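The values are calculated or read from the model by the stated rules, or taken from the named source; none is laboratory data. Keep in mind the model is a prediction, meaning the values are calculated, not measured. Note that each Cβ is placed from the backbone with ideal geometry, even for glycine, and that neighbours are counted across all protein chains shown.
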Amino acid sequence: MLEGGRVKLKGWQQAAVAFGSAFGALLDPKRADLIAALGETTGKPAFVKVLQRMKLSPEGRTILLDRPRVISANVGHAWDLPENTFGAAYARFMGSRNFSPDDRPPVRFMETEELAYVAMRAREVHDFWHTLFDLPTNLIGESSLKVIEFEQMLLPMCMLSVIGGTVRFNQKQRALFFQHYLPWATQAGMQSTDLMCIYYERHFHEDLEDVRRRWGIIPAPTPF
C-alpha cells in the first residue's frame, strides 16, 4: 500500500504467508517485514472492526478522511516543541534510539485501500504508544506494548508476539513480566480510550501529562 502496491492472495496463499512469517519472526524477531506480514495475513477481521470504530468516531472519521502519515516530513516539527509537550516527548523517544518514522514497511496484503490505511496507521502510531505509556524498546517493553495493542485491536499477531517474547525471556525477565508488566499492561489497554481514534499529530503541542489523563493512559510504573 501507499508505496509498493498490494498483493492479492488466495486463502491457501494467505495461510502460507502467515505460517512462514510466524516461523521467520520467531527465529528473528527483528524482522519487521515478517511481523508486518503476519499482522496483515491474520488480522483482517480485527482491522475491519477497527475501521468500523473509526467511522463511528468524529476524530476517527477525520483521520480516515485526511489519511495522515507518520513520516519525517509530517512529524519533524515535534523536535522544536516545548519540553513538556507530547510532541517533544515523542521526539526524545525517537532521537534517543536513532529511530526514523520512515522505516516502517509498507502494507501489502490488505484487500482495500481503506483497510490498508488502517493497518498502516496501526503500524505507524506504535511509537506514539511507546511514548505515551513510557515503555522502553527492550524485550519486556515490546511484549508489554503488544499486550496493550491486543487489548485495543484484538490482533492475533500481538498475542503471538507476546508468546514469542516470553519464550526468549530469561528467568528474571519472565518473573518481572508476569508478576509486574502483564497485569499493568492488561489494565492499561482496557482502561485507555480507543487509541486508534486519536489524531495524535494534532495533539503534539499539548502537555504530555494532560493528554495522558484525557486519554486514560496509565504510564508503566517502575518495577518493584
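Can you pull out the residues in region 100-117 that are of a type outside the set (Phe, Trp, Tyr), in contact (Cβ under 8 Å) with a residue 40 or more places away in the chain and either part of a loop (DSSP other than H, G, I, E, B) or within 10 Å of Phe47 (Cβ to Cβ) (or both)?
Arg104, Pro105, Pro106, Val107, Arg108, Met110, Glu111, Glu114, Leu115, Ala116
Of the residues Val118, Val211, Val147, only one is over 16 Å from the mean Cα position of the chain (by Cα), crowded, with 18+ Cβ neighbours inside 10 Å and under 25 Å from Met54 (Cα atoms); which?
Residue meeting the stated conditions: Val211.
Which of the numbered conditions does Phe177 fail, given that it passes all the others? Conditions: (1) free of Cβ contacts under 8 Å to residues at least 60 places away in the same chain; (2) surrounded by fewer than 21 Cβ atoms within 10 Å (Cβ to Cβ).
Only one criterion is unmet by Phe177, namely (2).
Taking region 43-58 on its own, how many of its residues are farther than 26 Å from Met159 by Cβ and surrounded by 13 or more Cβ atoms within 10 Å (Cβ to Cβ)?
0
Residue check: is Leu81 modelled with pLDDT of 90 or more, buried (at least 22 other Cβ atoms within 10 Å of the Cβ) and farther than 16 Å from Phe47 by Cβ?
Working: modelled with pLDDT of 90 or more: yes; buried (at least 22 other Cβ atoms within 10 Å of the Cβ): no; farther than 16 Å from Phe47 by Cβ: yes.
No; evaluated as a whole, the condition is false for this residue.
If you take the residues in region 180-205 that are of a type in the set (D, E, K, R) and closer than 17 Å to His126 by Cβ, which one is surrounded by the most Cβ atoms within 10 Å (Cβ to Cβ)?
Within region 180-205, the match that is surrounded by the most Cβ atoms within 10 Å (Cβ to Cβ) is Glu201.
Can you tell me which of (1) part of a helix (DSSP H, G or I); (2) farther than 21 Å from Glu209 by Cβ is the one Asp127 doesn't meet?
Single failed check for Asp127: (2).
Give the number of residues within region 153-174 that are in contact (Cβ under 8 Å) with a residue 24 or more places away in the chain, in a helix (DSSP H, G or I), within 14 Å of the chain's Cα centre (by Cα) and surrounded by fewer than 21 Cβ atoms within 10 Å (Cβ to Cβ).
The qualifying residues number 1.
Given (1) surrounded by 19 or more Cβ atoms within 10 Å (Cβ to Cβ); (2) at pLDDT below 95, identify the lone condition not met by Pro105.
Unmet condition: (1).
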